[in-house]
Amino acid sequence: MRINNNGPLMPIGDTANRVERPNANASAPADQIQLSRAALSAATSQNEKIAALREQVANGTYHVTSDAVARSMINEMMGEPS
């Protein structure tokens with residue numbers, strides 16, 4: 001098979017409805033998110049609880065009752081939140 005370079009390539013198909021993609025190098029406004037004070041407070045509170053639990057586990061002082069474990073296992077099997 002022989003291919004001759006006889007000029008510019010012509011597009012195939014309907015180019016009238018072609019969607020132009022934005023230039024990846026173009027500067028677009030950055031996405032932003034703002035959290036309410038309540039959300040920030042909840043996140044801080046959750047992080048503090050996690051830190052306390054990690055410390056208890058590391059120290060060997062974390063204890064959970066067998067009832068709590070059983071209840072959590074049953075809730076998990078039933079697809080309910082713990």
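The values are calculated or read from the model by the stated rules, or taken from the named source; none is laboratory data. What you are looking at is a predicted structure, and each value in this text was computed from that prediction instead of being measured. Positions of Cβ are backbone-derived with ideal geometry, glycine not excepted, and every protein chain shown enters the neighbour counts.
General remarks:
- For the range 55-67, residues that are modelled with pLDDT of 95 or more and either surrounded by 11 or more Cβ atoms within 10 Å (Cβ to Cβ) or of a type in the set (Asp, Glu) (or both) total 3.
- Filter result for residue 20 (of a type outside the set (S, T, N, Q) and either modelled with pLDDT of 95 or more or surrounded by 10 or more Cβ atoms within 10 Å (Cβ to Cβ) (or both)): no
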